[in-house]
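Some notes on the structure that comes next.
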Amino acid sequence: RLLVEGGARELVLSSRSDRVPAESAADWAWLANCRRSVRRVRCDVAEAESVRATLHGLQSAHANDDELLGVFHAAHALADALVANQSFRHFRTTYAPKVHGAQLLHTGTHSASLSAFSLYSSVAGLMGSVGQASHSAANAWLASMADCRRHLGCCGQSVAWGAVADVGYAARHGADKRAESSGSGAIPAT
């Protein structure tokens, strides 16, 4: 909504599933009726071929038109376990969409004149989170990635989000309620 309200003429929303979660149905309906070009595509950002195909499709569709102006990377996966029970598999699960996905997006768009390359991180990268060592490490890596991009002369930012109330993965799994009860609070959805 903020991008559309800020003047974006076209949005391409990608996800592994291409499904709209029930709690986001009203937002999707608003976007679908906003008189802008908004479409969904299936893309697993952790898979190099999927990212290449999606970016190629975007470039082909706009060969003589607007170029890609921004990337907002919000993919994640969790593999919870106490530190003593963490394994390579846990790190592979969490690093695939966050770390490898961000790297693939960086590589695929490094020659584009982007005005935004925003990596959605988690406060877990700063403060840790019980049972989420691999998630915390992946999110800390995103902050370094944003710094690296800026060092290379590219735009890049990493936003360490807390739990968002009532919508998204955190809300579906009760993390927003746990954040409220622990005193750290949850970000209101509206």
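Read the figures in this text as sums done on the coordinates, not as results from a lab. It should be emphasised that the depicted structure is a prediction, and the values quoted were computed from it without experimental measurement. Cβ placement follows ideal geometry from the backbone for every residue including glycine, while neighbour counts extend to all protein chains displayed.
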Open item on the list: So for the chain, considering every pair of alpha-carbon atoms, how many percent are separated by more than 23 Å?
Closed with: 47
Open item on the list: Give me a comma-separated list of calculated 3J(HN,Hα) values for the range 106-112, in order, Karplus coefficients 6.51, -1.76, 1.60 applied at θ = phi - 60°, integers in Hz, x for any Gly or Pro.
Closed with: 4, 4, x, 10, 4, 8, 7
Open item on the list: Suppose a student asked you for the relative contact order of the range 22-120, using Cα pairs under 8 Å spaced at least 6 residues apart; what percent would you report?
Closed with: 35
Task: Stretch gain in nm, segment residue 27-residue 172, where the contour uses 0.36 nm per residue and the Cα spacing is subtracted - done: 50.6 nm
- [ ] Given the options 59, 103, 157, state which has the largest fluctuation in a GNM of the chain using a 10 Å cut-off (strictly under) for Cα springs.
- [x] 59
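Relative to the compact-globule scaling 2.2 N^0.38 Å, provide the ratio for the alpha-carbon radius of gyration of the range 41-133. Let's see the in-between values first.
Details: Rg = 15.7 Å, N = 93, 2.2 N^0.38 = 12.3 Å.
My calculation over the Cα atoms of the range 41-133 gives 1.27.
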- [ ] Bin all alpha-carbon pair distances of the range 108-148 at 10 Å intervals from 0 and give each bin's fraction as a whole percent.
- [x] 29, 42, 21, 8
TODO: Mind putting a number on the dipole of the range 66-163 about its Cα centre? Charges go on the C-beta only, +1 for Lys and Arg and -1 for Asp and Glu, and I need it in Debye to the nearest 20.
DONE: 240
TODO: Pick out which of 29, 53, 175 has the largest mean-square fluctuation in a Gaussian network model of the chain, springs linking Cα atoms closer than 10 Å.
DONE: 29
Task: the range 1-71, dipole about Cα centre (Lys/Arg Cβ +1, Asp/Glu Cβ -1), debye to the nearest 20 - done: 200
Open item on the list: As I understand it, the value is the acute angle between the Cα axis of helix 48-61 and the longest principal axis of the Cα atoms of the chain; what does it come to in degrees, rounded to 10?
Closed with: 30
Open item on the list: Please report the net charge: other residues with Cβ closer than 15 Å to the Cβ of residue 20, K and R +1, D and E -1.
Closed with: +4
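For the range 90-160, how big is Rg over Rh, using alpha carbon atoms and the Kirkwood form of Rh?
Across the range 90-160, the Cα-based Rg/Rh ratio is 1.00.
What 222 nm value per residue comes from the helices of the chain, counting each DSSP H run with n ≥ 4 as -39,500 (n - 2.57) and dividing by all residues, nearest 500 deg cm²/dmol?
-11500 deg cm²/dmol
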TODO: Quote the charge dipole size of the chain about the Cα centre in Debye, to the nearest 20; the model charges only the Cβ of Lys and Arg (+1) and of Asp and Glu (-1).
DONE: 180
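Let me have the relative contact order for the chain, percent, based on Cα pairs under 8 Å that are six or more residues apart.
Answer for the chain is 17 percent.
With the cut-off at 1.5 for a/c, could you classify the range 1-67 from its C-alpha gyration tensor as rounded, prolate or oblate?
Oblate.
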